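Following: one structure in structure tokens, then a few remarks.
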Amino acid sequence: LERKNDANNNQYGTLYFWPPNEISSAEILLSLHGVDGSAFIRLDSVSHVRFEELSFELTRADGFIINDSHNVLIDRCNLRNIGRHGVVTENCVRVGVLNSELYAIGSEGVRLSGGDRQTLTPGRNFVRNSHIHNFSRWKRTYSQAIRFHKGAGNEATHNLIHGTPHIAIQYSGNDHLIRYNEIYNSCWETGDAGVIMGDWGWDGRGNRIVDNYLHDNVSRYGGRGEFNAVYLDGSCAGDTIAGNVFYNS
């Protein structure tokens, strides 16, 4: 990047790209979309919406932002080359990602938020049967494939997750279900972490980590990573961990 200034002190310049491979037959993609708070799709207070068999790619912002909504489904979609988060939900009920693939994501894959912790009313938001990989590309810590952000009664089941230097699934809140997921090649660059990690708070009870297969999660720094397959951090209590297989982790 060769920067220059004009008389009014406005910067401009020339950006040079040195291709890693032969460029004559390559596809060159450059995103100009992505101010803070923007997304390909933003839904506020909507219900009964489905996105099926669509591809969303090439933004420096988020893929989906879904707030205060219910019965929204993202089914058989591809989200890739996303600068920030793939899907972000806030205060939602029965919002789900199903049969989809998310990859080449700058930060988080899917953030689930919904359900009432005071009454333990479940949000029933979910990520099911999806493939999430090669995320946390620029925000390399606390950029999970799936993040349960407080709330109650949400689930991540039957997912394949791999390719992150830090946490694969992190949860806080109550009565969440993490089941039948296969996770590998995670936590390889960091310490004080878990492939599946519970957040702070003794009141976050009733979560279930059951019947998952965690394998080949190995530090690339000679065993100095100091991470765990499952890590209950900061006084986590009252959770169930059962029926999992941990191999080479």
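Miscellaneous remarks
- Share, in percent, of DSSP beta bridges within the chain that are antiparallel, nearest 5: 5 percent
- Relative contact order [Cα under 8 Å, 6+ residues apart], the chain, whole percent: 11 percent
- Each principal axis of the Cα cloud of the stretch 41-128 was evaluated for its coordinate range; sorted largest first, these ranges are 39, 23, 22 Å.
- Exposed-loop-free span, longest in the chain, where chymotrypsin sites (Phe, Trp or Tyr not before Pro) count as exposed if DSSP calls them loop and at most 14 other C-beta atoms lie within 10 Å: 18-137
- Stokes-Einstein diffusion coefficient of the stretch 85-132, Kirkwood radius over Cα pairs, 20 °C, 1.002 mPa s, in µm²/s: 188 µm²/s
- Among [x] 42.2, 162; [y] 18.2, 49; [z] 19.5, 68, the entry that matches Rg and Dmax of the Cα atoms in Å as calculated here: [z]
- Solvent-accessible area per residue, Å², over the stretch 152-205 with all protein chains present [probe radius 1.4 Å]: 30 Å²
- Hydrodynamic analysis of the stretch 69-171 uses the Kirkwood radius over alpha carbon pairs. Inserted into Stokes-Einstein at 25 °C and 0.890 mPa s, it gives a translational diffusion coefficient of 186 µm²/s.
- The loop-placed trypsin sites (Lys or Arg not before Pro) in the stretch 33-102, going by DSSP, include none that has at most 11 neighbouring Cβ atoms within 10 Å of its Cβ.
- Surface calculation, 1.4 Å probe, protein heavy atoms: residue 14 sits at approximately 50 Å² accessible.
- Surface analysis of the stretch 1-117 yields an accessible area of 58 Å² per residue, using protein heavy atoms and a 1.4 Å probe.
- Share of carbon and sulfur in the accessible heavy-atom surface of the chain [1.4 Å probe, %]: 49 percent
- For the chain, the dipole from Cβ point charges (+1 on Lys and Arg, -1 on Asp and Glu) about the Cα centre works out to 120 debye, to the nearest 20.
- In the stretch 1-107, a dipole from Cβ-located charges (positive for Lys and Arg, negative for Asp and Glu) runs towards its positive end, and of 35, 77, 87 it is 35 whose Cα lies farthest in that direction.
The values are calculated or read from the model by the stated rules, or taken from the named source; none is laboratory data. Not measured: the values here are computed from a predicted model. As a convention, Cβ positions derive from the backbone with ideal geometry for all residues, glycine included, and neighbour counts pool all protein chains shown. Surface accessibility is based on the protein's heavy atoms, side chains included, excluding ligands, DNA and RNA. Shrake-Rupley method; radii C 1.70, N 1.55, O 1.52, S 1.80 Å.
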